[in-house]
């Protein structure tokens, strides 16, 4: 027995085969990653997605595809990593390029590693299926030198885009939504970019309010903006002029559905815009509403389904008698908000289904808050609360897509819809009238690099666990 025991203890055991975890179905992986895409402030959670791309081979490409749904390019180094990742010579590069629904570029001449103008143009062309472009421009006092804006204390403003740059942008993807954040001293930059794309249905302008004038003759006004806009978001440092608002929305009298004036504008401008578009507006956002005349105009908007205020100060006359078709009401609350008026107004509302409130300091202890909760519960109204201004702004903005329900949302499904719209639009445009770059300046085109070929949507993807080189940089 001892010998047998010794034999048992000295005989090496056969190592058991390594048990690999089972593969999750691809649709389950996509569902998990889609739910993890946005953080609490409705911004893409890039750090989490970058980690997910390193989990295993099955997770790599889906995670990277989500990372490239919304690309940010802040520096020239980021662009170089981005262009390597979306290299059209590889199937994976073409797939990542075709995943870009949003592109955000930052032009800051004060940065030593600033994105060059030619790289900006090349990034637009590389994003062949892009739906929305966001351009942020910073700084005052610059001059143009070769392909860059250089700090120059003697210059009074950032230079405008030259004709070759605008022509090359025209030859890129035909986007549907444009955001321009102009924090430079040049009030013509936003106008230049607006006139590049005749396919725009949504514009979001912040920073310096544009001045409508001809660059050749400052005393001569330019032709009205040609696009039929569905959405207009205006958030300027100072109230825009009536001439600019008229120029921007003259051809949108029958198409404008969403009007967002997130910063305070003059009462006359607010009244003018609402009176001009009250028959078509379905969503209206204002900074505040304390003017009785403005409140009366809003009450007359018969098609209005969503009403939102960024500031806690709202006229009790409006809160007591909301537009009759309203489905979603959003506003901020502090200790001085006349919340009892909203509680009284809810009793007469038959269509209201959701209220979203941004609880500012002091709003948590508002004496009418319990009454609001009871009124919402009694009338079957969903009450959503947040104490984050960033989250509140993201909630009230939503994605720039046509909607039939409110509040509008931000989710991955919307990003996929944007890509589908862009692909169908570019395909139709190419079939009807293929864009040509033959008439453009050859040297300028060379400076922007070779334009990418058309992306083949039917390709078979070769996955890799190696993350794209642009994941950390974009």
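With respect to residue 352, determine if the residue is part of a loop (DSSP other than H, G, I, E, B) and under 27 Å from residue 41 (Cα atoms). Yes, satisfied.
When residue 352 is tested against the conditions (1) modelled with pLDDT under 90; (2) crowded, with 20+ Cβ neighbours inside 10 Å; (3) farther than 21 Å from residue 262 by Cβ, the lone failure is (1). Taking the listed residues 269, 249, 229, 307, the one that is surrounded by 15 or more Cβ atoms within 10 Å (Cβ to Cβ), more than 29 Å from residue 193 (Cβ to Cβ) and modelled with pLDDT of 90 or more is 307, with no other qualifying. Inside the range 173-183, residues that are farther than 16 Å from residue 400 by Cβ and surrounded by 22 or more Cβ atoms within 10 Å (Cβ to Cβ) make up a count of 1.
Within the range 275-300, the set of residues being over 24 Å from residue 333 (Cα atoms) and surrounded by 15 or more Cβ atoms within 10 Å (Cβ to Cβ) comprises 276, 277, 278, 280, 281. Exactly one residue among 203, 212 is modelled with pLDDT of 90 or more and either out of contact with any strand residue (DSSP E or B) (no Cβ under 8 Å at 6 or more places or on another chain) or closer than 23 Å to residue 287 by Cβ (or both), and that residue is 203.
Determine, yes or no, whether residue 332 is assigned to a helix (DSSP H, G or I) and either crowded, with 20+ Cβ neighbours inside 10 Å or without any contact (Cβ under 8 Å) to a residue 24 or more places away in the chain (or both). In short, no. Filtered by the rule that a residue be surrounded by 15 or more Cβ atoms within 10 Å (Cβ to Cβ) and farther than 21 Å from residue 100 by Cβ, the range 385-423 gives 385, 386, 391, 392, 393, 395, 396, 403, 406, 407, 408.
Selection over the range 244-278 of residues that are within 15 Å of residue 228 (Cβ to Cβ) and part of a loop (DSSP other than H, G, I, E, B) gives a count of 5. Exactly one residue among 128, 160 is more than 16 Å from the chain's Cα centre (by Cα), assigned to a loop (DSSP other than H, G, I, E, B), surrounded by fewer than 19 Cβ atoms within 10 Å (Cβ to Cβ) and modelled with pLDDT of 80 or more, and that residue is 160.
For residue 40, indicate whether it is at pLDDT below 95, surrounded by fewer than 17 Cβ atoms within 10 Å (Cβ to Cβ) and outside any loop (DSSP other than H, G, I, E, B). No.
Contact map, the range 337-349: first residue in contact (Cβ under 8 Å) with a residue 60 or more places away in the chain and at negative phi, second residue buried (at least 20 other Cβ atoms within 10 Å of the Cβ) and not in a loop (DSSP other than H, G, I, E, B), Cβ cut-off under 6 Å, separation 6 or more or different chains; the map is empty.
To keep it simple, each residue is scored yes or no on (1) in a helix (DSSP H, G or I); (2) crowded, with 20+ Cβ neighbours inside 10 Å; (3) in contact with a strand residue (DSSP E or B) (Cβ under 8 Å, 6 or more places away or on another chain).
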| site | (1), (2), (3) |
| --- | --- |
| 337 | no, yes, yes |
| 344 | yes, no, no |
| 358 | no, yes, yes |
| 367 | no, no, no |
| 374 | yes, no, no |
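Among the conditions (1) exposed (fewer than 15 other Cβ atoms within 10 Å of the Cβ); (2) touching a residue at least 60 places away in the same chain (Cβ under 8 Å); (3) within 26 Å of the chain's Cα centre (by Cα), residue 35 misses just one, which is (2).
The values are calculated or read from the model by the stated rules, or taken from the named source; none is laboratory data. These figures come from a predicted structure and were not determined experimentally. Neighbour counts run over all protein chains shown; Cβ positions are idealised from the backbone, glycine included.
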